[in-house]
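Encoded as structure tokens, the structure appears first; notes follow it.
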Amino acid sequence: MPDSNLVVRLSSLSAKTRKIGCGVFCALLTLILVDTFCISNVFKEELDNATLVEDSSLLGTTSNNPYRIEYGSKESGKTKIAVSDLFKSSDAKVNLSSDSTLDTKSIGEQSAVVTLSNDAGSKDVTLKFLVRDTQKPEIKIKDETVTLTQGDEFDPAGNVTVTDPVDGALARVDSRPESVKDTSGAEGYASGWYMLSYTDPAGNATLSLDTTVTGAYKVSAIAYDKSGNCSGESHFTVIVKNAEVSEQSSAQAEEASSADAVVSQSNASQTSPATAPESHEYVINTSTKKIHDPGCSSVKKMKEQNKQTVTSTLADLEAQGYEPCNKCHPR
């Protein structure tokens, strides 16, 4: 106000003094504004430079586009995990928060948003997680060798139990199902399954086990879970003995432990069993249906989701629709 004490006192000052005072005031105001601006810039720079740092062994060294998480993985004993527990800010002066939760019991892609913030504001970082099942099914053989008398009824599936850590008990199928792709493009199946295949006493692939014909049969089992993981091949031997074989010959037959065991035949019309084909380790491409030796150069170029290492015979794999690689010619 014109008549206020401050105005009166200022008016009583000389023009030179008023000018100096005004200059000092303006300088102080400028310093305050500059300092505020600089502090603001420091906060903004800290926020701009802040990044997410993985802070959990659950994330491991996997690619973060997306983060690949094993089904059922736990953080602090939980499968439903606060995303904010998996990361920290690269700058301790920048806060990290998130309302997102990762469910490792839900296979497929999941998204999450993490917020970094300080006095300059905030920024959101969008993350993707891919929960995958890479655990193989397990085949358990009850008896490695089953001895039957000619003409006995026998269900080979009764000697096999197939389970998967994720899918549980797997159903038996007569032929290989068509594969399907999940949301990430990985090949799998509508449900897990296992299949039996047979080799007769002469070493030939056959559709079933014929207990009316004596000899040593090889029964092979292979399983795939819903995510496309392969168990590898397991097998057991079924020995069908002649109904009139002597007790001594029967005891010798029961000691046979593999499909290539030569079983004495009392039926003159029956030929001696041939040695069953030997199993080898192969790498198969579930997409191209090719069989490769492990050292084949094509194996290094193969996508991980299409690669399966199996122990099997070439004949069994070909019976499942696979073809030998034209480069390494597996045998």
Under Karplus coefficients 6.51, -1.76 and 1.60, residue-wise ³J(HN,Hα) of segment 282-288 in Hz, glycine/proline x:
10, 10, 10, 9, 5, 8, 8
Using alpha-carbon positions, the gyration tensor of segment 48-150 gives root eigenvalues a ≥ b ≥ c; with a/c under 1.5 called rounded, otherwise prolate if a/b exceeds b/c, else oblate, the class is prolate
Surrounding charge for Thr313, neighbours by C-beta under 10 angstrom, Lys/Arg +1, Asp/Glu -1, total -3
Quick check: residue separation of Glu109 and Ser287 times 0.36 nm, minus the Cα distance between them. What number comes out in nm?
61.9 nm
Would you mind putting 125-135, 192-202 in packing order, based on average other-beta-carbon counts within 10 Å, highest first?
192-202, 125-135
Let me know the shape class of segment 66-215, please: from the alpha-carbon gyration tensor, a ≥ b ≥ c as square roots of the eigenvalues, rounded when a/c is under 1.5, otherwise prolate if a/b is greater than b/c, or oblate.
prolate
What aspartates and glutamates sit close enough to Lys290 to cross-link, taking a C-alpha to C-alpha distance under 19 Å and skipping anything fewer than 8 places away on the same chain?
Glu178, Glu187, Glu233, Glu281, Glu304, Asp316, Glu318, Glu323
Could you list, in their original order, any pairs among Lys78/Lys181; Lys140/Lys289; Lys140/Lys327; Lys78/Lys226; Lys140/Lys303; Lys88/Lys301 whose Cα atoms are separated by more than 32 Å?
Lys140/Lys327; Lys88/Lys301
I need the peptides 222-231, 82-91, 235-244 ranked by packing, meaning the mean over residues of other C-beta atoms within 10 angstrom, with the highest value on top.
222-231, 235-244, 82-91
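Read-outs throughout are calculated quantities, based only on the coordinates presented, and are distinct from any laboratory measurement. Because the structure is a prediction, the values reported are computed rather than measured. Cβ sites come from the backbone with ideal geometry, for glycine too, and all protein chains shown count toward neighbours.
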